[in-house]
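Here's the structure we're looking at; comments come further down.
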Amino acid sequence: MGYGELIIRSYDPQYDRTRVEDFERKCEVGPAKRVFLFTDTLGDPICRIRNSPIYKMLVAELGNQLVGVIQGSIKLVTVHKPPNDLAKVGYILGLRVSSLYRRRGIGSSLVIKLEEWFIANDVDYAYMATEKDNKASVKLFVDRLSYVKFQTPTILVNPVSHRMSRISSNVELAKLKVEEAEAIYRKFMSSTEFFPIDIGNILRNKLSLGTWAAYPRGESWSGVPSSWAMLSVWNSGELFKLRLGNAPLSCLMYTKSSRLIEKLVPCVKLPCIPDFFRPFGFYFIYGVYREGPLSGKLVRTLCRFVHNMASKSKDCKVIVTEVGGSDTSRLHIPHWKSLSCPEDLWCIKALKNEKKNSLHELTKTPPTRALFVDPREV
């Protein structure tokens, strides 16, 4: 049975918006068994890439049927030994293929077409992120398209409750001006792989709620505290919403019973799961950095502060943080193990022959302690 010729073209908002929105609603996110996340892009299918310097969305059609989509963005970052080395990188995200048309090469065709756009824009490396256990994605990118493992960050997810977290009286919190935050990030994090050169644009974006620093009370921020930590917050819920689907009955029963117990017996400290079955937003913590013997405690205090900020939002149900797999800051960031991903797999591919040797060195170099995850790529 023939399905016609596969056509891959650029996304046309006037013609494709409604079709892509409907297509996305039917596609689950992630390979988890029995539990799926569905996205609501709030009428803007390219919302996840719109804040990137350069971006593009491709759609795949068989006949008049929309069968696949993919998105990509391009930016300039530091690589290997910054700030001396810079590279233009293309990020691949949002690859979706209709369940009725899988295993027909549509996914690989979309990736290859996007790579051609990267090459036309002088991109040095293409990279993507997926769950380590997503066998279909790993097989496509690593086995078929020659991508190699680059990093294995940890994604930490913490539910937001209406209870306010206690902030230690021994810690001083300060909201940093954009210029100050930018200067600190450039000084301390520009030595990390893939640090975005346009960090100032990220911090000035309307979705960035601010940057905060924590240090011991009694010490001076301007005088370089003995210990300090900082992080920034991005309001991803303004771009798109998430919804849980196909959850186990036990999870649904626990959600409802925990709320009932909390109302009847508020003194009982039973963890309460937010209502994930209706569309919800989330805050993304990025740019986590710390120095000094007490910095772990300071990171935890900052995370509690962000939780209290999120608890005042009717829409924010979870706080998400992504840190390097070897970054011990993850031990101090509150999260639920059942909701988190211990190993998110980043894969990379050199698009220029002269970059292939540096790619080998790049992937074999032990990852730095800190990792700056661009919130525009969440």
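Values quoted throughout were computed directly from the atomic coordinates according to the rules given, and no laboratory measurement underlies them. Only a predicted model underlies this, so the values are computations on that prediction, with no experimental measurement involved.
Observations on the structure shown:
- Fraction of C-alpha pairs exceeding 22 angstrom in region 275-378: 43 percent, rounded to a whole number.
- Relative to one another, the C-alpha centroids of region 328-350 and region 198-220 are positioned 22 Å apart.
- Taking N as its residue count, the alpha carbon Rg of region 271-321 over 2.2 N^0.38 Å: 1.33
- Residue-wise HN-Hα coupling along region 231-243, computed from phi with Karplus coefficients 6.51, -1.76, 1.60 (Hz; x: Gly, Pro): 7, 10, 10, 10, 8, 5, x, 6, 8, 8, 10, 10, 8
- Amide H contacts of ILE197 (H built 1.01 Å from N, under 5 Å, at least 5 apart or other chain): LEU76, VAL77, THR78
- Long-range amide H partners of ASN121 with built H, under 5 Å: none
- Prolate/oblate/rounded label for region 69-185 (Cα gyration tensor, a/c 1.5): oblate
- Cross-link pairs exceeding 21 Å in C-alpha to C-alpha distance, out of LYS88/LYS349; LYS206/LYS349; LYS297/LYS317, comprise LYS206/LYS349; LYS297/LYS317.
- Working note: Karplus 6.51/-1.76/1.60 with θ = phi - 60° gives region 146-158 the couplings 6, 7, 10, 4, 10, 9, 10, x, 10, 9, 10, 10, 10 Hz, where Gly and Pro are set to x.
- Annotation: amide H-H contacts under 5 Å for LEU351 (H modelled 1.01 Å from N, sequence separation of 5 or more, or interchain): TYR125, ALA126.
- Taking the square roots of five times each eigenvalue of the Cα gyration tensor of region 131-180, the equivalent ellipsoid has semi-axes of 41, 18, 9 Å, listed largest first.
- Scattering curve values for region 127-226, log₁₀ I(q)/I(0), Debye with Cα scatterers, q = 0.20 Å⁻¹: -1.15
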